[in-house]
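What follows is a single structure, written as structure tokens, with notes after it.
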Amino acid sequence: MRGYSDGVDDLGQPVRRRWQEALILLAVAADSAFLGLIADGDPWVIAQTVATALLGAALLARHRHWRWLLPLLLVLGALTGSIVVPIVSLYCFATRSTHRLVTVLVGLLGVVALALPSLDSLLPERITQAILLIFFVVAATVAVGMYTQARRQLLAQFQRRAMDAEQGQTEAEDRARRAERTRIAREMHDIVAHKISLVALQAGALEVNPNLDRAQVVESVGLIRQTATTALSELREVLGVLRSEDEGAPLAPQPTWGDVRDLVITSQSAGIAVELFDFIDDPVPDTMARTAYRVVQEGLTNIHKHARHTKARVALIGEPGTDLVIEVSNVLPVGFTTDLPGARMGLSGIETRVLHAGGSITSGPTDDGRFEVKAVIPWPTTA
């Protein structure tokens, strides 16, 4: 029913509700006892006393049927000469009804119900004073009830806001954890995929060339050991972030621009026919260098896994105030397959990095029969 509250007179505290019921019954008992003391054997007064006790017991059902029960108890309590039952009924109604006009009308009903029994027993000059007293008592009861209702609503609103804030904080923490896990996963992919592909290439070279002399075998095995050791060291540093209390700790490794060139040299040592076209003469900011490193690393990793027998090239072009253009391409292989599994997140990972840096990235076949990964990153002018 619109205009009323849900009928709950507390904030889910059953202990407090039991104390309220006990106080109401105690007050009604005192009211009935007072009427019994003044009965002096009068059957009518005794009947009023019993009726008052019954009406007081009926107040216990106010939580479910308060809309019609409380006004009824208000009138009947006034007719029996009770003070407690009408006042409690009026107060409880005011704490539940959210429609002020209805509350005021019930308050006026209480004034009339309480004033009528006194019209015959009071002197004419006392009637006005009695009515004013009843009016002020009823008004004070309604005001206290409405204040209690407003306070409860305010506390409930604060509780909802606190719960919403706590839930929002929990969701934000979950999003942060997911983002951190994604960042770590990308970092691990960048390290493992590139290094292990190099190890696989170097081991494959030993497998297909059984006639290598000892010096060449030692050199290849040493290169495999060095690559694997580097991968394990870098992976250990990344996994250390998972055990660190500082969630904002930087993930290792943190490459520089010189490491971008070293990627090409390492791939050449592994037997990949890749050329480097480096047209960068200005110092590259570290954040941009890290993004460029990951782009070149992913491009070379894909070449290691899917096109290691083709010719490839890496082009680095740009200057401050323009764009840093990174192109990693290779001739499309014909009928070549690989046993190395794909994580299916490398290109997605570098796309996220490049977009975060404000740039753009494309990948796919070109018209001249090559597969190209091209990233364009804004290069701001240093102040």
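Label-to-label distance, Leu276 versus Leu132, with points set 7 angstrom from Cα along the beta-carbon direction: 10.2 nm.
Counting 0.36 nm for each residue step from Asp164 to Ala143 and taking away their Cα separation leaves a gain of 4.4 nm. Can you figure out the FRET efficiency of Thr322 with Asp174, using R₀ = 51 Å and their beta-carbon distance, to the nearest 0.05? Computed FRET efficiency for Thr322 and Asp174: 0.80. Once you divide the Cα radius of gyration of region 51-164 by 2.2 N^0.38 Å, the number left is 1.19. Here the spin labels are modelled as points 7 Å beyond Cα on the Cα-Cβ line, and at Asp286 and Asn211 they lie 5.1 nm apart. With a cut-off of 14 Å between beta carbons, the residues surrounding Thr103 carry a summed charge of +3, where Lys and Arg count +1 and Asp and Glu -1.
Computed from the Cβ-Cβ distance with R0 of 56 Å, the FRET efficiency linking His65 to Ala228 stands at 0.10. Heavy-atom accessible surface of region 254-296, averaged per residue, reaches 47 Å², computed with a 1.4 Å probe.
The values are calculated or read from the model by the stated rules, or taken from the named source; none is laboratory data. Please read all numbers here as calculations on a predicted model, not as lab measurements. Every residue, glycine among them, receives a Cβ derived from its backbone with ideal geometry; neighbour counts consider all protein chains shown. These accessible areas exclude ligands, DNA and RNA; they are computed on the full protein's heavy atoms, side chains included. Shrake-Rupley method; radii C 1.70, N 1.55, O 1.52, S 1.80 Å.
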